[in-house]
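Student: I'd like to ask you about the structure that follows.
The values are calculated or read from the model by the stated rules, or taken from the named source; none is laboratory data. Just so you know, these numbers come straight off a predicted model, no measurement behind them. Cβ: placed from backbone, ideal geometry, glycine included. Neighbour counts: every protein chain shown. Note: areas computed on protein heavy atoms with side chains; ligands, DNA, RNA excluded. Shrake-Rupley method; radii C 1.70, N 1.55, O 1.52, S 1.80 Å.
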Amino acid sequence: MLTKVFRMVMLGAPASGKGTISKRIVEKFNFVHISPGDMLRLNVLHKTELGKKAKQFMDAGKLVPDDIVMKCVLSRITEVGNKSWMLDGFPRTLVQAERLNASEPLHAVINLEVPHDVIIERVKGRWIHLPSGRVYNVGFNDPKVPGKDDITGEDLVQRDDDKPEVVAQRLQVYEEMLRPVLEYYQKQELITNFRGRTTAEIWPQVEQFLVEKTKAAVAKRL
């Protein structure tokens with residue numbers, strides 16, 4: 001467990017394994033996991049003032065403006081207090097990256113690089129229980145009964161945006177959108193890329209990197 005605050009960002013394309021890697025980082029290093037997307041949805045659910053503003057854009061199929069997202073993120077970081085934290089899938093724009101840096105300078109940025117063909121294959125096998133949001137993956141996290149939710153026994157479905165051609169387009173859009181952010185962190189010498197086809201291949205690299213990085217950060221502040 002760290003004795004000093006460590007601030008980091010986890011980036012990666014949809015279905016690159018961010019969720020699994022993030023969970024392991026939280027368990028191993030006791031970081032607080034911060035997901036701006038989840039936070040926005042919670043604000044919308046609880047009908048906060050911020051949530052009401054965000055919902056107007058979400059309902060219209062538009063991106064939530066940087067100002068609203070940053071307020072949400074910085075508010076959560078303030079709540080975390082004197083604990084190490086990890087932002088999951090954020091920032092997504094250069095403006096967000098610059099504002100985050102001005103308020104909360106980072107110690108590290110981890111970027112997961114998984115080949116597109118692997119991601120598309122993963123998503124092809126993804127089935128969802130819509131009422132709960134539970135996700136299953138054929139060959140990785142199979143439901144006990146094919147096509148049925150483990151808890152309710154209700155039907156599982158595949159989302160239209162999980163079709164291979166749609167996923168390929170989403171990956172292209174993601175890369176174009178994130179390129180300025182990755183370049184920004186590259187210039188600051190903050191980003192480390194981890195390449196692999198499976199979480200089992202990538203995780204040991206990430207774990208060793210963070211063991212060394214967190215020790216160095218603590219030693220620097222002592």
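Student: Please work out which residue is nearest to residue 11 (Cα to Cα), limiting yourself to region 51-65 and to residues that are outside any loop (DSSP other than H, G, I, E, B) and open to solvent by 40 Å² or more (accessible area, probe 1.4 Å).
Tutor: Step one: list which residues in region 51-65 are outside any loop (DSSP other than H, G, I, E, B), which gives 51-59.
Among the residues that remain, those that are also open to solvent by 40 Å² or more (accessible area, probe 1.4 Å) are: 52-53, 55-59.
Working: 52: 27, 53: 26, 55: 24, 56: 26, 57: 24, 58: 22, 59: 25 Å.
For region 51-65, the residue satisfying everything is 58.
Student: Another question, if that's okay. Can residue 76 be described as of a type in the set (Lys, Arg), in a helix (DSSP H, G or I) and open to solvent by less than 90 Å² (accessible area, probe 1.4 Å)?
Tutor: Here the answer is yes, as residue 76 does meet what is asked.
Student: While we're looking at this one, here's another question. Yes or no: region 29-48 includes at least one residue that is in contact (Cβ under 8 Å) with a residue 12 or more places away in the chain, open to solvent by 70 Å² or more (accessible area, probe 1.4 Å) and either more than 22 Å from residue 182 (Cβ to Cβ) or assigned to a loop (DSSP other than H, G, I, E, B) (or both).
Tutor: Checked region 29-48: at least one residue is in contact (Cβ under 8 Å) with a residue 12 or more places away in the chain, open to solvent by 70 Å² or more (accessible area, probe 1.4 Å) and either more than 22 Å from residue 182 (Cβ to Cβ) or assigned to a loop (DSSP other than H, G, I, E, B) (or both).
Student: When region 146-169 is examined, which residues are found to be part of a strand (DSSP E or B) and among the basic types (Lys, Arg)?
Tutor: Listed by number, the list holds a single entry, 148.
Student: Could you tell me how many of the residues in region 84-141 are surrounded by 15 or more Cβ atoms within 10 Å (Cβ to Cβ), free of Cβ contacts under 8 Å to residues at least 24 places away in the same chain and in contact with a strand residue (DSSP E or B) (Cβ under 6 Å, 6 or more places away or on another chain)?
Tutor: Going through region 84-141 one residue at a time, the tally reaches 3.
Student: Kindly indicate the residue of region 189-200 that is open to solvent by 70 Å² or more (accessible area, probe 1.4 Å) and modelled with pLDDT of 95 or more and also farthest from residue 23 (Cα to Cα) among those meeting that condition.
Tutor: Among those that are open to solvent by 70 Å² or more (accessible area, probe 1.4 Å) and modelled with pLDDT of 95 or more, it is 189.
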